[in-house]
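**Student:** Input: one structure, supplied below.
Only the coordinates and a few stated rules stand behind these numbers; no lab work does. Fair warning: this is a prediction, and the values are worked out from it, not measured in the lab. Cβ: placed from backbone, ideal geometry, glycine included. Neighbour counts: every protein chain shown.
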Amino acid sequence: MTAICKRPLFLFSVALAALIVPLLLSSCAPIERADPISSAMRAYESYNLPATLPRDRSKVRVKVSLQNRMAYVMEGSKPLLVMPVTVGRSTAPTPRGQFRIRSKEHQYRANTHGYAIKGDQIRECYLRNKPKGWRFHGTPMPYWCEFKTAYGFHTGWMKPYPASGGCLRMHKNVAPKFFRLVSVGTPVNIATTQPEDATIGRNVPRPPDSTRLPSNPDRMMALTQDFFTQHQTPTFTNQ
């Protein structure tokens with residue numbers, strides 16, 4: 001009688017173990033979680049905007065709104081490219097006024113800030129603070145379009161607030177398009193606001209904030225030309 005009573009209990013225990021053991025094993029398995037930095041980097045890398053080539057390059061002009069942090073490349077009344085820009089911080093504001101593109105250089109490097117290099121050692125520094133006996137290589141500023149001495153449009157990390165040293169930073173995938181659209185002599189108007197802010201500048205998607213993204217390696221920035229080609233191939237809607 002005792003053996004007969006124990007058999008159902010034994011079968012119940014086996015069945016219960018069959019349910020519990022897989023649960024225990026699965027709880028020990030590593031849980032893969034999305035890396036927020038990787039996701040943010042992918043979003044930043046994929047950002048891009050449409051652009052149109054002009055019919056008459058002599059009619060191209062650039063208008064910049066500091067308040068809206070937006071640049072409008074126009075051919076007459078037609079927008080060729082509407083792009084967010086990072087403007088100068090309060091202690092180093094972007095100059096206002098009427099200018100013209102003075103020079104263009106794809107592989108431009110800053111002449112005041114960059115990297116001190118000695119053997120295998122690399123340090124970020126300003127030229128004025130470079131240690132004696134070290135050589136200096138300026139910060140890469142791809143697709144440089146200068147509109148005033150020491151001020152220009154160029155590729156740089158994009159922020160949702162004024163953050164540059166006075167230059168106008170462009171997203172790396174959009175910078176080559178701007179570079180192609182403007183010419184030496186293209187007029188540039190920089191003001192607090194522009195009429196286009198209320199129309200074509202209202203709903204332009206902005207790039208993700210780059211604040212939390214990892215910086216490019218110093219060795220790459222100081223010793224190679226790789227940063228000058230780290231962008232998508234530029235395409236135009238009428239190409």
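**Student:** Based on the inverse mean of 1/r over its pairs of different Cα atoms, what is the Kirkwood hydrodynamic radius of the range 83-132, in Å?
**Tutor:** 14.3 Å
**Student:** Per residue of the range 153-166, in order, report the coupling 6.51 cos²θ - 1.76 cosθ + 1.60 (Karplus, θ = phi - 60°) as ³J(HN,Hα) in whole Hz, putting x for Gly and Pro.
**Tutor:** The phi angles translate into 7, 6, 4, x, 4, 8, 10, x, 7, x, 8, 8, x, x Hz.
**Student:** Computed over the Cα atoms, what is the radius of gyration of the range 196-239 divided by 2.2 N^0.38 Å, N being its residue count?
**Tutor:** Cα-based Rg divided by the globular estimate yields 1.74.
**Student:** What would the Debye equation give as log₁₀ I(q)/I(0) for the chain at q = 0.09, 0.10, 0.11, 0.14 Å⁻¹, counting only Cα atoms as equal point scatterers?
**Tutor:** For the chain, the Cα-only Debye profile gives -0.48, -0.55, -0.63, -0.94.
**Student:** Mind checking which aspartates and glutamates have their C-alpha under 17 Å from Lys59, skipping anything on the same chain fewer than 8 residues away?
**Tutor:** Excluding near neighbours in sequence, the set is Glu75.
**Student:** Under a cut-off of 18 Å between alpha-carbon atoms, report the lysines in cross-link reach of Lys172, not counting same-chain residues fewer than 8 places apart.
**Tutor:** Leaving aside lysines fewer than 8 places away in the same chain, those within reach of Lys172 are Lys104, Lys159.
**Student:** Further question: Per Stokes-Einstein, at 37 °C and 0.692 mPa s, what whole-number D in µm² s⁻¹ belongs to the range 37-150, with the Kirkwood radius over Cα pairs as the hydrodynamic radius?
**Tutor:** This corresponds to a translational diffusion coefficient of 190 µm²/s.
**Student:** Sort out for me the Cα centre separation of the range 180-239 from the range 37-93, rounded to whole Å.
**Tutor:** 6 Å
**Student:** Got a sec? How would Leu66, Leu223, Leu181 order by Cβ neighbour count within 10 Å, fewest to most?
**Tutor:** Leu223, Leu66, Leu181
**Student:** Given the -39500 (n - 2.57) contribution per DSSP H run of 4+ residues, what per-residue ellipticity at 222 nm results for the chain, rounded to the nearest 500 deg cm²/dmol?
**Tutor:** After summing the helix terms and dividing by the residues of the chain, the value is -6500 deg cm²/dmol.
**Student:** Please check the chain for the longest run free of trypsin sites (Lys or Arg not before Pro) that are loop-located per DSSP (anything but H, G, I, E, B) and have at most 16 other Cβ atoms within 10 Å.
**Tutor:** It runs 133-201.
**Student:** What is the gain in length, in nm to one decimal, between Leu127 and Arg206 on full extension, counting 0.36 nm per residue of separation less the C-alpha to C-alpha distance?
**Tutor:** Gain in length upon complete extension: 25.1 nm.
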